[in-house]
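Everything below concerns the one structure shown next.
The values are calculated or read from the model by the stated rules, or taken from the named source; none is laboratory data. Quick caveat, the model's predicted, so the values are computed rather than measured. Positions of Cβ are generated from backbone atoms using ideal geometry, with glycine treated the same way; all protein chains shown enter the neighbour counts.
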Amino acid sequence: MKHIHQTHSSIPSSSEPAVHESSHILNSFAGEWCSIGPNNKVIDSRIGAYTYTMDDVTINYTEVGKFTSIASHVCINPVDHPMDRVTQHHMTYRRADYGFAETDDEDIFNWRKSNRVTIGHDVWIGHGAIVMKGVHIGTGAVVGSGAIVTKDIEPYTVVVGVPAKPIKTRFPQEIVDGLLQIAWWDWPRELLEERFYELNNINEFVKKYG
Ligand SMILES: CC(C)(COP(=O)(O)OP(=O)(O)OC[C@H]1O[C@@H](n2cnc3c(N)ncnc32)[C@H](O)[C@@H]1OP(=O)(O)O)[C@@H](O)C(=O)NCCC(=O)NCCS
């Protein structure tokens, strides 16, 4: 993985991770062929190879697997404010910015960092979805547009709604087990190139490689 910085395009023209110049990236890493779209904000996160985001995506304190697709206006891990203080206003922890102290209150930032979201490989997160703190989204899952994910999601499960609930699985269990065992997302690039067109036939693929 590479430390990621802004470039002029969000479409990778090589295996170098590409980040649109309008996006703000802080202390984050990305794998090869990864692409971060316009007006994204990514903080303290690791984004796997080939994963891409569309516009206006926010990702805080998150591990994202490989080959994951993140639609516009998705927010992953919107952070909480302390609700048990006199005020919820951020001046109590961004106290240096407001001239109340020399340093910020790192306890709040460490609390946020300890509530990481983890997302598997080949997940599709639909337009405007929100993924709340601490959640794990299994490999191959689908999050419908506008969903708010508050609980873990099993691999290859489709969830929709507020709060998000499973409506179906993408494949029967034996196919899911086969895909998890094959773990094609870990194949080297040469193998992916060789077997690329086989990705379009799920039954043949699992029969051959499972
Ligand atoms: C989740 C999704 C993939 C399901 O697609 P599908 O398998 O074709 O599902 P259907 O349209 O048959 O809907 C199945 C049920 O879920 C409901 N549903 C589907 N998507 C929903 C959503 N996003 N929120 C709430 N309910 C939803 C439908 O109303 C239907 O309910 P019913 O059984 O009570 O009638 C799709 O609806 C979706 O949200 N896609 C994301 C699109 C997107 O954001 N693209 C961004 C570009 S990358």
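Can you find even one residue in the stretch 193-205 that is surrounded by 15 or more Cβ atoms within 10 Å (Cβ to Cβ) and under 28 Å from L26 (Cβ atoms)?
Here is the first cut: in the stretch 193-205, the ones surrounded by 15 or more Cβ atoms within 10 Å (Cβ to Cβ) are 205.
Those still in the list that are under 28 Å from L26 (Cβ atoms) too: none.
Looking through the stretch 193-205, none of the residues is surrounded by 15 or more Cβ atoms within 10 Å (Cβ to Cβ) and under 28 Å from L26 (Cβ atoms).
From the set of residues in the stretch 133-143 that are within 14 Å of R170 (Cα to Cα) and more than 14 Å from the ligand (Cβ to nearest atom), which is surrounded by the fewest Cβ atoms within 10 Å (Cβ to Cβ)? Walk me through it before giving the result.
At the first step, the residues of the stretch 133-143 found to be within 14 Å of R170 (Cα to Cα) are 138-143.
Then drop every residue that is not more than 14 Å from the ligand (Cβ to nearest atom), which leaves 138-139.
Values: G138: 19, T139: 22.
Selected residue: G138.
If you take the residues in the stretch 144-162 that are in a loop (DSSP other than H, G, I, E, B) and among the aliphatic types (A, V, I, L, M), which one is nearest to the ligand (Cβ to nearest atom)?
Looking only at the stretch 144-162, we keep the residues that are in a loop (DSSP other than H, G, I, E, B), and these are 144-147, 150-152, 154-156, 161-162.
Adding the requirement that they be among the aliphatic types (A, V, I, L, M) leaves 147, 162.
On the way: A147: 6, V162: 8 Å.
The qualifying residue nearest to the ligand (Cβ to nearest atom) is A147.
Could you please find all residues in the stretch 68-81 being surrounded by 15 or more Cβ atoms within 10 Å (Cβ to Cβ) and part of a loop (DSSP other than H, G, I, E, B)? Even if it seems obvious, please write down each step before you answer.
Looking only at the stretch 68-81, we keep the residues that are surrounded by 15 or more Cβ atoms within 10 Å (Cβ to Cβ), and these are 68-77, 79.
Once the filter is applied, which keeps residues that are surrounded by 15 or more Cβ atoms within 10 Å (Cβ to Cβ) and part of a loop (DSSP other than H, G, I, E, B), the stretch 68-81 yields T68, A71, S72, H73, V74, N77, V79.
Give the residues of the stretch 164-192 that are surrounded by 15 or more Cβ atoms within 10 Å (Cβ to Cβ), of a type in the set (A, V, I, L, M) and not in a helix (DSSP H, G or I), sorted by residue number. Answer for the stretch 164-192, where residues must be surrounded by 15 or more Cβ atoms within 10 Å (Cβ to Cβ), of a type in the set (A, V, I, L, M) and not in a helix (DSSP H, G or I): just A164. Reported count of residues in the stretch 40-60, each being away from the ligand (no atom under 16 Å from the Cβ) and in a loop (DSSP other than H, G, I, E, B), is 4. Of the candidates E102, E63, the single residue that is more than 16 Å from the ligand (Cβ to nearest atom), at pLDDT 95 or above and outside any loop (DSSP other than H, G, I, E, B) is E63. Among the residues of the stretch 117-132, the one identified as away from the ligand (no atom under 12 Å from the Cβ) and surrounded by fewer than 18 Cβ atoms within 10 Å (Cβ to Cβ) is T118.
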